[in-house]
1. So for Met409, Met164, what's the accessible-area order with a 1.4 Å probe, most first?
2. Could you give the distance between the Cα centres of region 142-179 and region 323-384, to the whole Å?
3. Just read off the accessible area of Trp215 with the full protein assembly in place, 1.4 Å probe, to the nearest 10 Å².
4. For the full complex of protein chains and a 1.4 angstrom probe, list His356, His42 by accessible area with the highest value first.
5. Run down the lysines and flag those whose C-alpha is under 22 Å from the C-alpha of Lys46, throwing out any fewer than 8 positions away in its chain.
6. Once you have a ≥ b ≥ c as the square roots of the Cα gyration tensor eigenvalues for region 133-203, tell me rounded if a/c is under 1.5, and otherwise prolate or oblate according to whether a/b is larger than b/c.
7. Over all distinct Cα pairs, what is the inverse of the mean 1/r for region 255-399, reported as the Kirkwood hydrodynamic radius in Å?
8. Between region 266-299 and region 186-252, how many Å separate their Cα centres?
Amino acid sequence: MEQRHMAVISVERSYIDPRNQTSAYGFANTLTSDVTFLVSDHTRAKVWSASPLTFALWDARTRDLIKVFNIDGQLENRNDMSAFPDFGIDEDAKMRIATASRKEKSQSSLGFFQRSRNALMGAADAVRRAAVKGGFCDDSKRTEAIVTSADGLIWTGTANGVVMRWDGNGNCLQEFSYQSSGILCMFTFCSRLWVGYSNGTVQVLDLEGKLLGGWVAHSGPTIRFMDSYNVKIKGVLSLNSQLFHIAINRCNNVKIEDIRIIAPDDSPNTDGIHIQKSTDIEVRNASIKTGDDCISIGPGTKNLMVDGITCGPGHGISIGSLAKDLEEEGVVNVTVKKAVFVRTDNGIRIKSWPRHSKGFVERVRFLGALMVNVSYPILIDQNYCPGDSYCPTEESGIKINDVIYSGIMGTSATKVAIKMDCSDRFPCTQIRMQAINLTYNGGEAKTSCINASGKQLGLVIPNGCL
């Protein structure tokens, strides 16, 4: 009972007030800021204590310090730790602790934890001095996570996305880098290592460090407005969004002007601007480079003006995809003019799933567009099913009516420059084409049109669609 009481007193006396600690070389000498991780190695009865730049390895039974090493696995000179003495507890000190007043707390021993702090502080001080001299340590590799795996190895994750594998004696076995974003967390489950990154990516590795898979764990638009009115977005640059760059949902009177959007051409679901269930929307003077639709126009969009858009890479400007639901609002009164498409998968597109729906598309105007090596410059696809797997087998219920294509010219990257694959149940009606001139590879392009009716006026190349 007396020994237990002494232990409680010792822990109580180990209290450190961070406000009373001094700072050397901008490095706070506090336990809370220095010892950021403690991991137990049950296989070898050892304990790892870690700071962002150094590790200390301890014998869990005797509490003896075995070694101190930095994030590159290099041993630290124990002489460098002489400035941080070990405040061990002798028998007389124990008696003094038991009778000392509360004012003496800051002078008491930290025992094992104090020695861990001292070791790490000494090592960190050596790291700082080496860094000043152009030494070995790279702060971008500071440790952000540490775990043990089922095979008894230690894994650490760094601020620059490097995964490091260590043996139980503190020797770095191998480094792996699959992401440049910083690692925030890690954990092991059976024979798998899960790694979470600051950009929202989660990856799964086996215990040899081989990447088995990865995905974006949390996604969201960079800018999103919901249930808003009188909104103006101007002069914005959106870079590498995890999902839509700008999303407008259930809004009225929105103006988007002079914006730039950039994402890799292989990034899925990174629509530049997504609009749905909104009225009186204007998008003017935008440069959009992305891995999905430059602008996607969803159900319930009414009175939309798109003017002066440069799109590419990307999937073009799309109305849809529609027919996701049976009860779906229509798309009405949409105008797209003076658009430029550069090496996009599509130009101006209307797409709907082959599924029953009460939705519709009406009064759409595509006026003036330049196509530069675009795969499908003009496309209506009512059998939309990306990947062609688990596709619905119904006819699309979306009624497409009163669509005008005028002043569209340029080059197609495919032989079929104009394609209209409309529903047999609800054919596309009142389609009008005029002043169209699209070529393929310097020669003649073709059309492919099913269940579409309307008029061609004046020059239409290629012709034969309506």
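The values are calculated or read from the model by the stated rules, or taken from the named source; none is laboratory data. What you are looking at is a predicted structure, and each value in this text was computed from that prediction instead of being measured. SASA here: full protein model, heavy atoms, side chains in, ligands and nucleic acids out. Shrake-Rupley method; radii C 1.70, N 1.55, O 1.52, S 1.80 Å.
1. Met409, Met164
2. 49 Å
3. Using a 1.4 Å probe on the heavy atoms, I get roughly 110 Å².
4. Sorted by accessible area, descending: His42, His356.
5. Qualifying lysines at Cα under 22 Å: Lys67.
6. oblate
7. Across region 255-399, the inverse of the average 1/r is 15.0 Å.
8. Result: 17 Å between the Cα centres.
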